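Below is one structure, written out as structure tokens; the observations come after it.
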Amino acid sequence: MSRPSDHIDSAPPAPINQPELGLVGYARFFWRQLTSMRTALFLLLLLALAAIPGSLVPQRSSDPNGVVQYFESNPGLAPVLDAVQLFDVYGSVWFSAIYLLLFVSLIGCVIPRTAHHLKALRSRPPRTPARLERLEAFTVREIPTTSGLSTTDAPSPAEAIESARELLASRRYRVEEYEVRGAPSVSAERGYLRETGNLVFHTALLGVLVSVGLGGSFAYNGQKVIIEGAPFVHVLGSYDSFNPGRFFDETDLEPFVLTLDRFDVDYEEFNLNAYGRPGNFRASVTARYPSGEESSGVVQVNHPFEVGGTKVYLLGNGYAPTITVRDGEGNIAFNRAVPFLPQDAELTSLGVIKAPDAVPEQLGMIGFFYPTAGLLSTGAYASAHADLLDPLLTLRVYTGDLGLDDGIPISVFTLDTDDLTEIVGGDSGVESIELRPGETAELPDGLGSVTFESMTADPGPGNWAGSVKRFASFDVHYNPAEWGALTFAILALLGLLCSLFVPRRRVWVKAAELAGGGIRLEYAGLARGEDPGLADAVAELADTHRDMVKR
Amino acid sequence: MTEQLASAALVAIYSAMAVYAIAFVFFAVDLAKRSSAREPVAAAATGQLGAFEGSVAVAERVGTATEARTSKVSRLERVGFALTVLAWLLHLAGAVLRGLANGHVPWSNMFEFSLVMSLALTTVFLVVQFWQKLSYLGTYATGASLIVLGVGTVNFYVEVTPLHDSLQSVWIIIHVGVAILATSFFALGAGLSLLQLLQARREANPEGSRLGFLRTIPDSVALESLAYRTIVVGFVLWTFTLIAGAIWAERAWGRFWGWDTKEVWTFIIWVIYAGYIHARATRGWRGAPSAWLSIIGIAAVIFNYTIVNLFFKGLHAYSGL
């Protein structure tokens, strides 16, 4: 049957006579073990078990920050877990081994079964068994001549079988007539779609794996913070962070420029349980191609923007105050919008400003921005609402060597204050600078001034809207595996439906003459695979046929 | 308006819980009565060697007694069913009112998941009666619904809040709705598997069993077949859930699969039930081993809906708590 010997429908094994096995013999033995149902079952359950650790421990693929935090909070345990690839479970050696073995087992099973099924599709239904009464779904209908039919009207066995054949054919059975011990009979089979569906399902799973593997190697994704009005040129160096597939090459990036025109948010004002909650984020973007073509769109949650073969998704957002720093000589040492990273839901944000070109001393600043400043009882500030209702920027200023000339890459979002002198805020003795949009503050010792620029002409209480730029962070994805994986997944689902719900049956009808006149009709059925409705189906067929014959 | 609708929903939910509890009692008493009904066969056997008239008399008495008990038993069951239908109506009203209060489908946080999941379980249990009479599962179905609904309402209740941006998609109806329906079929199948195990143990040792009601329900092979047919429907729905979830993930997060904790557990559940179907096609694995796989499967489903939602970090953090 080309099924594994331990499949429930296979014949039970004969008593074991163990011969001497050579190398080929052992190879065949291992192959048969690998492709047996029991092995597939064990591998499946093992796969389920092996997937569990990936949900207990942070994974690099889905939570890289969590992994870093885990290393910090468990310095002893983390390296041990890393050594067994517990932070990369789904790409690990042991997890891959399980599903690869499972797929080898699958292939080894599907190929012979496909060959057998193709043969079965072309063959005729089998001969009628000699003793139908031994089959599970067996039933008899007798039509004696005394039941109101005259002898001339009584049907002959051959006629009865002819009508049975027509009935079965009308029910989409494949039929064949045979003679069994002198009695005419018809053998019928239907439900080949069940096995077809089964094979399609298993092959489609393989298709999903291959799509994901192949397509994923050419995939990439990257993240980028874009400030309102600023352009993002699509080259590798522009990205803030980037994850390429194995076969990715820089030149694969489609050329385009993406500009964030504006970023809009709505804040919940009616429902007091969620007052102030931001929603309906809309990032209006425009993409420009080398050909001069432009396309605009809005990036929203659940609605990515398609550009250059990639899809752009909205991640986070925040404020980017525009700061101008003038140095001791009055020249502008720094002038741009700086993304401040949100620290909480009300967008209390933290930012770093580095002015290495300031003369006589390099200047570094750590700032807090509060879109709606509120004073806490401790004397510290916090933001009370994420909208621009009462913006305030506070700054601590440092001088010294910022370390940018050492040639070592440093994050733009951190300032190492160990070697710097604090001149404003903190322990310096001077109060932290507090600025509203449009205000300027002088630095001590004639070191310069710092201005918090306003984007609107007339900022003031009640009129702050739009005075500070916003930024949005975007996630750019490219994955050629998507359509392949989806197609195979849908094929798998359709195959599954057929393989579970289409009954595969063989039905036999035999007619014999009764001793006292009339005919005896025997019906039997056999199911290939699960078929709880077999007995009912055969009984219903028997009743319908008996009524047909009586007429 | 929202407040009133939400309060009305709570009233309906608490009423439904009360009626579930009463229905549960009726079903439980029904099972107890089935257990206490003496076997007519045993009674006749005792009279076999004795006086012929005596045994006949005994048989007659037992016959009428069981007849009387049969009609009383089915009356308890019928009351139980009627109460379950009433509880279902109240439960449905609660869910609909909550949905109206929300302005969106009522399954956006842990409380609402519990509300709709228990409703789906009762719905599937009642609808399945048109296909097969599974009245002996009444205790299990009403008890499970009551526990899920009760724990959800008491522990996870939250006020109505607007739907997060990330959930504002047609996929919340497709993906989450089908998932909830699938788990109901898995739960029903697990109940049948549990009964199958009890029945198999009783079949191995008929005298030692104290669960007499098992006499009145189908044998373990029939129960296993019923469990299989139920679980298979759940499996197809779960496969669809997985695919729909992947499609939505691509829309929302940029990738159709990222091994997020909930994605992992959905996958684990799928693999366990795939293992269940494979087990029933493997020699030596029908019967008790398959039943255990079904129960492990529902345990994984429960773990997915509780521990993963509440304690595990991930992109699926919509518990609302």
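The values are calculated or read from the model by the stated rules, or taken from the named source; none is laboratory data. Remember, it's a predicted structure, so these values are computed and weren't measured experimentally. So basically every Cβ, Gly included, is an ideal-geometry build from the backbone, and we count neighbours across all protein chains shown. Calculation scope for accessible area: heavy atoms of the full protein, side chains included, ligands and nucleic acids excluded. Shrake-Rupley method; radii C 1.70, N 1.55, O 1.52, S 1.80 Å.
Neighbours of A:Ser163, meaning other residues whose beta-carbon lies under 11 angstrom from its beta-carbon, give a summed charge of 0 when Lys and Arg score +1 and Asp and Glu score -1. Net charge in the neighbourhood of A:Val186 (other residues with Cβ under 10 Å of its Cβ; Lys, Arg +1, Asp, Glu -1) is -2.
Taking the longest Cα principal axis of chain A as reference, the axis of helix A:93-122 is set at about 30 degrees. The convex hull built on the alpha-carbon positions of segment A:109-217 has an orientation-averaged projected area of 10.2 nm².
Among the residues of A:306-318, the average count of other protein chain beta-carbon atoms within 10 Å of the residue beta-carbon is 1. Along chain B, the exposed loop sites are trypsin sites (Lys or Arg not before Pro) outside DSSP states H, G, I, E and B with at most 11 other Cβ atoms within 10 Å, and the longest stretch free of them is B:1-132. Mean per-residue shielding of peptide A:50-58 is 5, counting Cβ atoms of other chains within 10 Å of each Cβ. Entry note, chain B: relative contact order of 20 percent, from Cα contacts under 8 Å with a spacing of 6+ residues. Between A:Ala382 and A:Leu494, the contour length at 0.36 nm per residue exceeds the Cα-Cα span by 34.8 nm. How large is the charge dipole for segment A:205-269, taken about the Cα centre, if only the Cβ atoms of Lys, Arg (+1) and Asp, Glu (-1) carry charge, to the nearest 20 debye? I would put it at about 480 debye. Could you tell me which of rounded, prolate or oblate describes segment A:268-370, using a ≥ b ≥ c as the square roots of the eigenvalues of the alpha-carbon gyration tensor, with rounded for a/c under 1.5 and, failing that, prolate when a/b is larger than b/c and oblate otherwise? Oblate.
Principal semi-axes of the equivalent ellipsoid, √(5λ) from the alpha carbon gyration tensor of the protein assembly as shown, are 69, 34, 25 Å from largest down. Normalised by residue count, segment A:459-551 yields a Cα convex hull volume of 246 Å³ per residue. Could you check which residue among B:Pro106, B:Pro162, B:Pro289 shows the biggest mean-square fluctuation in a GNM of chain B with a 10 Å Cα cutoff? Fluctuation is largest for B:Pro162. Given an 8 Å cut-off on Cα distances and at least 6 residues of separation, report the relative contact order of segment B:207-304 as a percent. It rounds to 25 percent for segment B:207-304.
Here the relative contact order of chain A, from alpha carbon pairs under 8 Å that lie six or more residues apart, stands at 18 percent.
Mean per-residue shielding of peptide A:86-95 is 1, counting Cβ atoms of other chains within 10 Å of each Cβ. With all pairs of separate Cα atoms included, chain B yields a Kirkwood hydrodynamic radius of 21.5 Å. Assigning unit charges at the beta carbon (Lys, Arg +1; Asp, Glu -1) and nothing else, what dipole magnitude in debye, to the nearest 20, does segment A:424-551 show about its Cα centre? Dipole magnitude for segment A:424-551 comes out near 1860 debye.
Note on surface exposure: B:Met1, B:Met110 rank B:Met1, B:Met110 by accessible area, highest first, 1.4 Å probe.
Ranked from largest to smallest solvent-accessible area, with a 1.4 Å probe on the protein heavy atoms, A:Leu375, A:Leu541 come out as A:Leu375, A:Leu541. With kT/(6 pi eta Rh) evaluated at 4 °C and eta = 1.567 mPa s, and Rh the Kirkwood radius from Cα pairs, segment A:355-495 diffuses with a coefficient of 69 µm²/s according to Stokes-Einstein. On C-alpha positions alone, give me the angle between the axis of helix A:192-217 and the longest principal axis of chain A, in degrees, nearest 10. That works out to roughly 20 degrees.
Along the charge dipole of chain A, which of A:Val200, A:Met548, A:Val352 sits closest to the positive end, that is, farthest toward it, with unit charges on the beta carbon of Lys, Arg, Asp and Glu (+1, +1, -1, -1)? So the residue we want is A:Met548. For segment A:166-177, backbone phi angles converted through the Karplus equation (6.51, -1.76, 1.60; θ = phi - 60°) give residue-by-residue couplings of 5, 4, 5, 4, 5, 9, 6, 8, 8, 10, 8, 9 Hz, Gly and Pro being listed as x. I'd like the distance between the alpha-carbon centres of segment B:240-313 and segment A:28-103, rounded to an integer number of Å. With segment B:240-313 and segment A:28-103 each reduced to a Cα centre, they are spaced 16 Å. In this label model, A:Asn65 and A:Arg336 are separated by 2.4 nm, measuring between points 7 Å along each Cα→Cβ vector. Extension gain for the segment A:Arg131 to A:Ile410, taken as residue separation times 0.36 nm less the Cα-Cα distance, is 91.8 nm to one decimal.
A dipole drawn for segment A:192-290 from +1 and -1 charges on Cβ atoms has a positive end, and of A:Ala287, A:Phe256, A:Leu209 the residue lying farthest that way is A:Leu209.
Once the other residues with Cβ under 11 Å from the Cβ of A:Pro356 are scored (Lys, Arg +1; Asp, Glu -1), what is the net sum? In short, -4. Ranked by the mean number of other Cβ atoms within 10 Å per residue, highest first, peptides A:293-303, B:18-28 order as B:18-28, A:293-303. Modelled label positions at B:Val221 and A:Ala158, each set 7 Å beyond Cα in the direction of Cβ, lie 4.1 nm from each other. Measure out, as a whole number of angstrom, how far apart the alpha-carbon centroids of segment A:463-534 and segment A:244-322 sit. That distance is 38 Å. When the C-alpha to C-alpha distance is required to be over 30 Å, the pairs from A:Lys224/A:Lys354; A:Lys119/A:Lys510; A:Lys354/B:Lys313 that qualify are A:Lys354/B:Lys313. The distance separating the Cα centre of segment B:195-232 from that of segment B:75-121 comes to 30 Å.
Rounded to the nearest 20 debye, the dipole magnitude of chain B is 560 debye, with +1 charges on Lys and Arg beta carbons, -1 on Asp and Glu beta carbons, and the Cα centre as origin. For B:Lys33, the aspartates and glutamates whose Cα falls under 12 Å of its own Cα, not counting residues fewer than eight places away in the same chain, are B:Glu77.
Assuming a ≥ b ≥ c are the square roots of the Cα gyration tensor eigenvalues, decide whether segment B:144-255 counts as rounded (a/c under 1.5), prolate (otherwise, with a/b larger than b/c) or oblate. Verdict is oblate for segment B:144-255. Note on exposure: A:Thr440, A:Thr324 ranked by accessible area (1.4 Å probe, complete protein assembly) read A:Thr440, A:Thr324, with the most exposed listed first.
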